[in-house]
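Notes follow the structure.
The values are calculated or read from the model by the stated rules, or taken from the named source; none is laboratory data. Every value quoted in this text rests on a predicted model; they were computed, and no experiment measured them. When we count neighbours, we look across all protein chains shown, and the Cβ atoms used for this are built from the backbone with ideal geometry, even at glycine. Note: accessible area is taken over every heavy atom of the protein model, side chains too, but ligands, DNA and RNA are not part of it. Shrake-Rupley method; radii C 1.70, N 1.55, O 1.52, S 1.80 Å.
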Amino acid sequence: MELLAVEAAVRGMPVRAAEEPGLAGPAYWYGGPVAGARLAGRLGFALLEPTDGWLAELPEEFTGRRVRAGTVADAWAMDRPTFVKPPRDKSFPADVYTDGSRLSGALDPATPVLLSDVVTFAAEYRLFLLDGRIAAASRYAVFGRLDPRPLGTDHEDRATVTQITEFADRLVAAAGHTLPSAVVVDVGQLLDPYRPGHRWAVVEANMAWFSHAYAADPARVLDVVLRAAGPREHLWPRDRAFERH
């Protein structure tokens, strides 16, 4: 957040806290979905986000595992270990649940969830996509543990960047029309016990305006955020279907 605020200030953009009195639009947003939804109308910005079922609708070629969209009621009925997460908001912890009884009974049974096979990602990377191209990227985890690192700093990383770019290009060619023009897609090296080496797969898609930049270039991240949560009057026609309501 602070790095993006510094970059915005360098560009001559005033940076204000959400609770600051006297805010007026048109404005851009970087922050949580609850406050963003509350302020969007008054400040005139449009919040772009992927659809709830986007990951579940991707071909397994890109997910590397079975993923289906469901509800908390479906998750309660699970009888085997399953990775369960809310598609957008953080209404409960995304985690592997050994069965449905491990998920809170206090949740609304109609709450949307994504349910997927349990897999292991050797490393995970955050891609900030703008118009179908990688504007900024960062590694953020290794074997599930937070480990941010900028890309392209040595020979091994440059090879990884090439692989990530090729995978992202294939993903955009096949499913770019199902994403807003500014979005975050997390990808990873999937460990497959039945295949040697690593296989690239999509981890999930997220809202750029509510995604940590990790070690990515803040200037390029800001470019994506400004498109993903900018004045509604600047909203592209193709992005209207992805506006949060």
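Fully extending the segment from H177 to R42 would add 45.6 nm, taking 0.36 nm per residue of separation and subtracting the current Cα-Cα distance.
For the chain, the relative contact order works out to 26 percent when only alpha carbon pairs closer than 8 Å and six or more residues apart are counted.
The alpha carbon centroids of segment 210-244 and segment 25-59 are separated by 9 Å. The stretch between V118 and A17, if pulled fully straight at 0.36 nm per residue, gains 32.5 nm over its current Cα-Cα span. Counting only protein chain heavy atoms and rolling a 1.4 Å probe, the accessible areas of E60, E20 rank, largest first, as E60, E20. Across the options T71, A137, L115, the greatest Cα extent toward the positive end of the charge dipole of segment 26-140 (unit charges at beta carbon of Lys, Arg, Asp, Glu) belongs to A137. Can you list the residues of segment 158-190 with backbone N under 12 Å from a point 7 Å past the Cα of H198, pointing along Cα to Cβ? Under cut-off, by backbone N: 158-165, 187-190. The modelled label-to-label distance between E243 and D89, using points 7 Å beyond Cα along the C-beta direction, is 2.0 nm. Heavy-atom accessible surface of V6, to the nearest 10 Å², is about 90 Å², with a 1.4 Å probe and all protein chains retained. When all protein chains stay in place and ligands, DNA and RNA are ignored, the 1.4 Å accessible-area order of K85, K90, largest first, is K90, K85.
Summary value for segment 104-245: 26 percent relative contact order, contacts being C-alpha pairs under 8 angstrom separated by 6+ residues.
Using only alpha carbons, segment 65-142 has a radius of gyration to Kirkwood radius ratio (Rg to Rh) of 1.05.
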